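The structure under discussion appears below in the form of structure tokens.
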Amino acid sequence: MICEIDIWQAAQDLLQRYGAEAARRAVVRADESGRARDPASQKTWLEILRVVTELRRFRLAESARRVSPPGVGHSDAAIVALRRRERPVAGRSQHRRAART
């Protein structure tokens with residue numbers, strides 16, 4: 001089995017190269033190693049899969065924190081953004097009222 005730092009590096013390389021498909025690629029490689037009766041390689045790929053999953057979860061949580069205002073859940077962020085767009089700009093709404101009268 002390879003050292004922990006190499007597993008993390010391999011997981012990051014998989015994510016950079018394959019993105020959302022990285023976990024599936026790790027599963028396929030672990031499965032191939034199992035069929036080849038190479039338990040050490042299979043264990044390594046399963047560890048890489050664990051780290052890929054952990055990194056993806058962390059990155060998704062980070063992106064949700066960047067998108068959402070403090071105290072607002074990720075699912076509510078879109079609603080907050082829409083509400084901000086619906087609010088009239090102070091100068092424009094006063095301008096329209098003046099033009100109507």
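The values are calculated or read from the model by the stated rules, or taken from the named source; none is laboratory data. Treat the numbers as computed from the prediction; the structure is a model and nothing was measured. Every residue, glycine among them, receives a Cβ derived from its backbone with ideal geometry; neighbour counts consider all protein chains shown.
In table form, for the structure just shown:
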item: Residue list for the range 15-30, restricted to those being under 14 Å from the mean Cα position of the chain (by Cα) and not charged (D, E, K, R); result: LEU15, GLN16, TYR18, GLY19, ALA20, ALA22, ALA23
item: Yes/no for ALA11 being over 18 Å from LEU55 (Cβ atoms) and aliphatic (A, V, I, L, M); result: no
item: Residue pairs meeting the criteria (Cβ under 9 Å; at least 6 apart or on separate chains; first of a type in the set (D, E, K, R), in the range 27-50; second loosely packed, with under 15 Cβ neighbours inside 10 Å and outside any helix (DSSP H, G or I)); result: GLU32/ASP38; LYS43/MET1; GLU47/MET1; GLU47/ILE2
item: Out of ASP31, ASP6, ASP76, sole residue that is in a helix (DSSP H, G or I) and modelled with pLDDT under 60; result: ASP76
